[in-house]
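Input: a single structure, listed below in C-alpha cells.
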Amino acid sequence: MTDFRGRHFLSTLDYTSAELRELVDRTVALKATGGAGKPLDGRVLAMLFFNPSVRTRVSCESGMARLGGHAIAINPGKDTWNFECGEGVVMDGNTQEHVRELGPVLSELCHAVGIRKSELITTGSAQAQPTGSYEELARDEFMHRFAQFSSVPVVNLESNAFHPTQGLADMTTIVERIPEPRGKKYVLTWAWHPKSLPVATPHSQLLSACDLGMDCTVVRPPGYALAPDVMAAARERAEALGGSLVETEDEAEAYEGAHVVCAKAWGSLDYYGRFDQEARDKQALRDWMVTGAKMDRTDDAFFLHCLPVRRNVVVADEVLDSDRSAVIQEAGNRLWTAAAVLAAVMGA
Amino acid sequence: MTDFRGRHFLSTLDYTSAELRELVDRTVALKATGGAGKPLDGRVLAMLFFNPSVRTRVSCESGMARLGGHAIAINPGKDTWNFECGEGVVMDGNTQEHVRELGPVLSELCHAVGIRKSELITTGSAQAQPTGSYEELARDEFMHRFAQFSSVPVVNLESNAFHPTQGLADMTTIVERIPEPRGKKYVLTWAWHPKSLPVATPHSQLLSACDLGMDCTVVRPPGYALAPDVMAAARERAEALGGSLVETEDEAEAYEGAHVVCAKAWGSLDYYGRFDQEARDKQALRDWMVTGAKMDRTDDAFFLHCLPVRRNVVVADEVLDSDRSAVIQEAGNRLWTAAAVLAAVMGA
Amino acid sequence: MTDFRGRHFLSTLDYTSAELRELVDRTVALKATGGAGKPLDGRVLAMLFFNPSVRTRVSCESGMARLGGHAIAINPGKDTWNFECGEGVVMDGNTQEHVRELGPVLSELCHAVGIRKSELITTGSAQAQPTGSYEELARDEFMHRFAQFSSVPVVNLESNAFHPTQGLADMTTIVERIPEPRGKKYVLTWAWHPKSLPVATPHSQLLSACDLGMDCTVVRPPGYALAPDVMAAARERAEALGGSLVETEDEAEAYEGAHVVCAKAWGSLDYYGRFDQEARDKQALRDWMVTGAKMDRTDDAFFLHCLPVRRNVVVADEVLDSDRSAVIQEAGNRLWTAAAVLAAVMGA
C-alpha cells in the first residue's frame, strides 16, 4: 500500500496513474464495508465552500461521519472573513485574513482542509463575473497558497482548473462497469447550456479515462477546446498506458462504437469573461444534447454526468431515465471516493 | 413492535392512530434512556431547510448525535442549487437540479432525508408571497416528488400542509400529562398575529389530539376554518376512538371545562395570498389572545404552543410564565420525537 | 479539582484568577492527550453566531468532536428567527421569539450553548452601525438574559464587552512560553486599523495577563482608553497577585524590556457610533503598527494577536513571519481552551 499521508490532493495530475488506480481500489473496498472500523475516529475536516455544493459537501461530510470523523462546512465571505493571499500586501482594504495565517491556523484546529473555490460557479441563471482571464484564474492562487502554508493535507473540492474528487468518482464508476478499460472507447461530449460553465470538471473527468489508458475522444464544437496544457497531459497519460486521445467536431464519428459517453457543458475559453456574447453566438449549438438516437450509435455505452444536470438541455429524459444512465451510481461513488481520499491523506 | 423501516413520515395521516401511539411510546422510552446504545451509529441524515428553523433543526441534529448518528443541514437556494420537480421540463431557466436526480443521489449518500419546505414561513415581519393557491401549495409537490424518487425514508420537517413531528411532540406531551386522554377535552384556539401564518402546524396539532381519541374543539373566528379535508380526516379519527371534533366561534364555550388548550395563529384560507387585506380586516380580532382569565374557565388545563410564540399577542405573559404552561416540555419533546421517528424509519 | 459544572462562562471576571489558572492547566492537559477518552460523548453544544467566525466556530466544533460530542452552528436572523429579550413586550413587530422560551428550549435540546453577539463585528470594509452607546451595548443584554433563563451552561463566544475564550487562549500561550509569568512585562498595544473594532477582545486579553500577576502596560493614543470598569478590575487582579497595570501613550517606553507584546486594534469609546469621524481623525495614527524595530526594544518578547490580522497595518510581515510570532500557537490554543471550558462547565 502506498503511503499517501500528508499529501495534498489538488489535482489528479499530482498523482501517477497507478496511484489513482490504488485510490480507486480503496474506494471500492470502503464502499463494500461501509466504512466499518471507524478509521477516522476523532479526526476533523474543515471545508471552505466559496461556492454552493450538494454532492461534494454531503459526500465529504457523510464520508467523514461514516469513518468516525467530523466535517465542518464553512462559507467564506458569508459567515467568515474575506481572505487575502497576496505577498507583502498592506491590508487596509476589504480583505481581513491572510492565507499565511489561515492555513497554519486551520492546520492547528483540524486534520485536513477541503476547499471549493471557483469563479465560474453560480446559482440559478446568473452568469459568473470572473475577475481575470482563464489563464490567471486557472492558477487557483488561493488554493495553492493555502496549501503552501498548511501543514495538514488540502483536498481540492473544485477549483477553476480541476475537480479531482469528481474525476476519481468517474474513474471508479468506469472500473466498476468495465473492469479492464484498456482498449475501450471513452467519449467526453460537450453539451449546450444557457450559462458558460467551468472547465474544471471536464478536465478531471477526461483525465480519469486517460489514467485508465482508454481510447479517449473529446467531441465539441469549434472554439470549445479544453485547456491545451491539460489536453497535452491527458494525452501523455493515455498513451503511456497504451491508450489514446483525439479531438473531433463530428458527433456521429465520436459516438460510433463508444463504451462510455460522458456529457458536460463548459464555456469557451476563447469567450472567457464575454459570456453574454457567447450565449448569443452559441444558440446554433442547442442540438449538442445527448439523445437516445445518438446513444444508439454506441457499443451499448453507459452514460456519465457529474450532476446537477439540466434535463432536456444537456441530456434527454429518454437517456437519463433509461438503463444506460450511470449517473446515480457515479454520484454515489462521490461518497466513497471522498472517504478514500480523506482517509488516505490523513494516513488512516 | 411495528417495523417502520423504510417508511416516509410525511403526514401523521399516513400512519394509523395505533402506530402513532407506538411512536409516542418509543419517544418516551428514548427520553428515559437518553439515547443510550447509539442505535443510529454511523447513520447520516440530510436535512433540506428551505425555511428558517431553530427547534426542528436542533432537535433533529441533536437527536441524531445522541443516537450516534450525524445530521447535515443544507439550505437550498442559498448554499445549493435551485431544484426542479416538473415532468419533461426543458431546464434552460433558473432551476438546475431535478428531484429525479436529487432524491436518488441523496439516497446514495445518506440513510434518511428531512425536508422543510413551506411557502408561508418568513423571518421577522415580512409577509410571505405564495406562488399559488392554498390547494396548489398544500399538495407539497416537491416533497412528495422527492419522496417518490428517494429510496431512503423522507421525513417532513414542515410543509405547506403538515408538520408531523410537531404533532407527535404534542401527542407525547399530552400523554405525559394525561396518561388516559380519552374523554378529556382538547381545545385548539386560533390567535391573532400580525402575519398570516401557515396552517400546517395547527393541522398536525389538531390531528395529534384526535389520534388520542380526545373530545376536540377548534375555536376560531368566522372565515378561519382549517382545510376541510384535514378537518374531515381528524373527525373520523377522533370518532373511531370514541372521541369527537366540533368547531365553534364562541371562546367562552370552548375554554369551558377544557383539559388542554393549544394556541396557534394561522392565516385565513379565504384570504390566501391577499395577506395585506387580511391584516387590515383582522384588526378587530386582536383580543383572540390566550389570557389568564380565559384559562380560568378551564378544568385546570395546561397550555401548549409550538413556539416560537409572540408574547402578549398570541398568549399573555401571565399564562406563559405560569405553571399552566407546558411549552418547554413540549419543545423538549421535539428532540425525542425526532429521535424516535428517525430511528424507526431507519430501522434502528 | 474545582467543580465547574453548570457554571456560565460569560467573562473571565466571573472566575477567580486561581480558577482561570486551573482552566489553563486543564487546557494544557487536554492538548497533551488530544482529547482521548471522549469525555463529552453524546453531549451536544448549540452555538448561536450572530456574527461571522472562523477560529471560534472551528475551535468549538472541532473541540466538541475530539471529545466525542457534537456542536451545532446556528446563524440567527439568517437561518432562524429574530429574538426578543425585553420584559412585558407586546411582540407584534419584527421579533418572533423571546429568550424566555429560547433559553429553556435550547436547554432541553442541548447540554450547553455558546453565543457570539457583538454589534461591532463586520465583514470586509463595512463599518458597524451600533444601535446604542457603548455603555448600553456592553451590558450584553441578550446574552445575560439568555443565561438567566438557560438551565445549561452558556459560554460567551464574544460579546460587546468580552471575549473570554480568547483571553484564556492567550493566558495558556503565555504560560506555555513563560511558566512563571510573575515579574515579567506584558504589553497590550493599540494598533491602527481602517475600521473601529470592538473592545471585547483587548479587554479579555489584558485580563489574561493581569490574572497571571504580570506587570502589564497598555499603550495607546490619547482617547483610546479601554472601558474604565474593566481597567479597574484588571488592575485589582494584577495587584492582588503582586503584579501591576499602567497606561501610557509612549510606545518606546512601553516596548522597553517587554516579554510579551500583544497587539490589537480597537475603536475609541469617545467616538462610539461616530466611526466615519473617527476614521478621518485617526489617520495620523497609522504608524501605530508593530514593527521589527519596535520589537527590538523588548527583552526578546514574543508577539500575540487574536487573528484575523491585517498584515502591514496592525503588524509588519517582518514580525509575523519571524520566530517572535506566537500567533499560530495562540490560535491553536483556541481549540484546547474551548474544549477545556466546555468539558468543565458540562461537568465532564
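The values are calculated or read from the model by the stated rules, or taken from the named source; none is laboratory data. Small disclaimer: the values here were computed from a predicted structure and weren't measured. Reconstructed Cβ throughout: ideal geometry from the backbone, glycine too, with neighbour counts over all protein chains shown.
Being closer than 19 Å to residue C:149 by Cα and either in a loop (DSSP other than H, G, I, E, B) or touching a residue at least 12 places away in the same chain (Cβ under 8 Å) (or both) is true for just one of C:37, C:88, C:42. Which residue is that?
Numbers: C:37 fails: closer than 19 Å to residue C:149 by Cα; C:42 fails: closer than 19 Å to residue C:149 by Cα.
Selected residue: C:88, the only one of C:37, C:88, C:42 that is closer than 19 Å to residue C:149 by Cα and either in a loop (DSSP other than H, G, I, E, B) or touching a residue at least 12 places away in the same chain (Cβ under 8 Å) (or both).
Select from the range C:91-112 the residues that are facing another protein chain (nearest Cβ under 7 Å), touching an Asp or Glu at 6+ places or on another chain (Cβ under 8 Å) and part of a loop (DSSP other than H, G, I, E, B) and list them in ascending order.
Passing the criteria: C:91, C:96.
If you scan the range B:290-308, which residues turn out to be within 17 Å of residue C:97 (Cβ to Cβ) and out of contact with any strand residue (DSSP E or B) (no Cβ under 6 Å at 6 or more places or on another chain)?
Those that are within 17 Å of residue C:97 (Cβ to Cβ) and out of contact with any strand residue (DSSP E or B) (no Cβ under 6 Å at 6 or more places or on another chain): B:306, B:307.
Is one or more of the residues making up the range B:136-145 farther than 28 Å from residue C:76 by Cα, within 14 Å of chain A (Cβ to nearest Cβ) and either at pLDDT below 95 or not in a strand (DSSP E or B) (or both)?
yes
When residues of the range B:50-74 are filtered for being acidic (Asp, Glu) and more than 19 Å from the chain's Cα centre (by Cα), how many remain?
If we filter the range B:50-74 for residues that are acidic (Asp, Glu), which is where we start, we get B:61.
If we keep only those that are more than 19 Å from the chain's Cα centre (by Cα) too, we end up with none.
Number of matching residues: 0.
Restricted to the range A:72-85, and to residues that are of a type outside the set (Lys, Arg) and in a loop (DSSP other than H, G, I, E, B), which residue is farthest from the other protein chains (Cβ to nearest Cβ)?
Step one: of the range A:72-85, the residues of a type outside the set (Lys, Arg) are A:72-77, A:79-85.
Going one step further and asking which of them are in a loop (DSSP other than H, G, I, E, B), we end up with A:75-77, A:79-82, A:85.
Details: A:75: 6, A:76: 8, A:77: 7, A:79: 5, A:80: 5, A:81: 5, A:82: 5, A:85: 11 Å.
Only one residue tops the list, namely A:85.
Take the range B:255-293 and flag every residue that is in contact with a Lys or Arg (Cβ under 7 Å, 6 or more places away or on another chain) and either assigned to a loop (DSSP other than H, G, I, E, B) or of a type in the set (Asp, Glu) (or both).
The answer is B:256, B:257, B:258, B:259.
Within the range C:122-131, does at least one residue satisfy the condition of being under 16 Å from the mean Cα position of the chain (by Cα) and either in a helix (DSSP H, G or I) or within 9 Å of another protein chain (Cβ to nearest Cβ) (or both)?
No, that holds for no residue.
Please go through the range C:163-201 and pick out each residue that is assigned to a loop (DSSP other than H, G, I, E, B) and under 30 Å from residue C:136 (Cα atoms). Outline the logic, then answer.
We begin by selecting, within the range C:163-201, every residue assigned to a loop (DSSP other than H, G, I, E, B); these are C:163, C:178-184, C:191-199.
C:163, C:191, C:192, C:193, C:194, C:195, C:196, C:197, C:198, C:199, listed by residue number.
Quick check on my filter: what residues within the range B:221-236 are without any contact (Cβ under 8 Å) to a residue 40 or more places away in the chain and either buried (at least 20 other Cβ atoms within 10 Å of the Cβ) or under 24 Å from residue B:291 (Cβ atoms) (or both)?
Here is the first cut: in the range B:221-236, the residues without any contact (Cβ under 8 Å) to a residue 40 or more places away in the chain are B:222, B:228-229, B:231-232, B:234-236.
Of everything in the range B:221-236, those that are without any contact (Cβ under 8 Å) to a residue 40 or more places away in the chain and either buried (at least 20 other Cβ atoms within 10 Å of the Cβ) or under 24 Å from residue B:291 (Cβ atoms) (or both) turn out to be B:222, B:234.
Working carefully through the options C:88, C:77, C:93, find the one that is modelled with pLDDT under 95, out of contact with any helix residue (DSSP H, G or I) (no Cβ under 9 Å at 6 or more places or on another chain), at positive phi and surrounded by fewer than 21 Cβ atoms within 10 Å (Cβ to Cβ). Don't jump to the end; show me each part of the working.
Details: C:88 fails: out of contact with any helix residue (DSSP H, G or I) (no Cβ under 9 Å at 6 or more places or on another chain); C:93 fails: at positive phi.
On inspection, the qualifying residue turns out to be C:77.
Given (1) surrounded by 15 or more Cβ atoms within 10 Å (Cβ to Cβ); (2) of a type in the set (S, T, N, Q); (3) within 17 Å of residue B:270 (Cα to Cα), where does residue B:129 come up short, assuming only one miss?
Only one criterion is unmet by residue B:129, namely (1).
Got a number for residues in the range A:182-198 being at pLDDT below 95 and surrounded by fewer than 23 Cβ atoms within 10 Å (Cβ to Cβ)?
3
Restricting attention to the range A:25-38, which residues are under 19 Å from the mean Cα position of the chain (by Cα) and either facing another protein chain (nearest Cβ under 9 Å) or within 19 Å of residue C:73 (Cα to Cα) (or both)? Break it down stepwise before answering.
Going residue by residue through the range A:25-38, those that are under 19 Å from the mean Cα position of the chain (by Cα) are A:25-28.
Selection gives nothing.
Yes or no: the range A:305-318 includes at least one residue that is polar (S, T, N, Q), farther than 20 Å from residue A:197 by Cα and not assigned by TED's automatic domain parsing to the domain that holds residue A:36. Step through it out loud before you land on a result.
Going through the range A:305-318, the residues polar (S, T, N, Q) turn out to be A:312.
Of the ones still in play, those that are also farther than 20 Å from residue A:197 by Cα are none.
No, the range A:305-318 contains no residue that is polar (S, T, N, Q), farther than 20 Å from residue A:197 by Cα and not assigned by TED's automatic domain parsing to the domain that holds residue A:36.
Answer yes or no as to whether residue A:267 is surrounded by 15 or more Cβ atoms within 10 Å (Cβ to Cβ) and in contact with a His (Cβ under 9 Å, 6 or more places away or on another chain).
yes
Please state which of the following conditions residue C:115 fails to meet, knowing it meets all the rest: (1) closer than 24 Å to residue B:56 by Cα; (2) within 13 Å of chain B (Cβ to nearest Cβ).
Residue C:115 satisfies every listed condition except (2).
Going through the range B:39-67 one residue at a time, which ones are over 30 Å from residue A:118 (Cα atoms) and more than 8 Å from chain C (Cβ to nearest Cβ)?
B:39, B:40, B:41, B:42, B:43, B:56, B:60, B:63, B:64, B:67
Out of the residues in the range A:299-348 that are more than 10 Å from chain B (Cβ to nearest Cβ) and of a type in the set (Ser, Thr, Tyr), which is farthest from the chain's Cα centre (by Cα)?
Checking each candidate, the answer is A:322.
Return the residues of the range B:307-348 that are touching a residue at least 40 places away in the same chain (Cβ under 8 Å) and among the polar types (S, T, N, Q); say none if nothing qualifies.
Once the filter is applied, which keeps residues that are touching a residue at least 40 places away in the same chain (Cβ under 8 Å) and among the polar types (S, T, N, Q), the range B:307-348 yields B:329, B:333, B:337.
From B:43, B:57, which residue is touching a Ser or Thr at 6+ places or on another chain (Cβ under 9 Å), buried (at least 21 other Cβ atoms within 10 Å of the Cβ) and of a type in the set (D, E, K, R)? Show your work before the answer.
On the way: B:43 fails: touching a Ser or Thr at 6+ places or on another chain (Cβ under 9 Å).
Of B:43, B:57, the one residue that is touching a Ser or Thr at 6+ places or on another chain (Cβ under 9 Å), buried (at least 21 other Cβ atoms within 10 Å of the Cβ) and of a type in the set (D, E, K, R) is B:57.
For the range A:6-24, what are the residues that are within 12 Å of residue A:168 (Cα to Cα) and either without any contact (Cβ under 8 Å) to a residue 24 or more places away in the chain or within 14 Å of chain C (Cβ to nearest Cβ) (or both)?
Result: A:15, A:19, A:22.
Going through the range A:51-71 one residue at a time, which ones are farther than 13 Å from residue A:163 by Cβ and not in a helix (DSSP H, G or I)?
A:52, A:54, A:67, A:68, A:69, A:70, A:71
Looking only at the range B:281-318, count every residue that is surrounded by 22 or more Cβ atoms within 10 Å (Cβ to Cβ) and of a type in the set (Val, Ile, Thr) and tell me the total.
4
Within the range A:132-181, how many residues turn out to be surrounded by fewer than 24 Cβ atoms within 10 Å (Cβ to Cβ) and closer than 20 Å to residue A:304 by Cβ?
Number satisfying all stated conditions: 7.
Scan the range B:199-215 for residues that are aliphatic (A, V, I, L, M) and surrounded by fewer than 24 Cβ atoms within 10 Å (Cβ to Cβ) and jot them down.
In the first step, residues of the range B:199-215 are kept if they are aliphatic (A, V, I, L, M); the result is B:199-200, B:206-207, B:209, B:212, B:214.
Answer for the range B:199-215, where residues must be aliphatic (A, V, I, L, M) and surrounded by fewer than 24 Cβ atoms within 10 Å (Cβ to Cβ): there is none.
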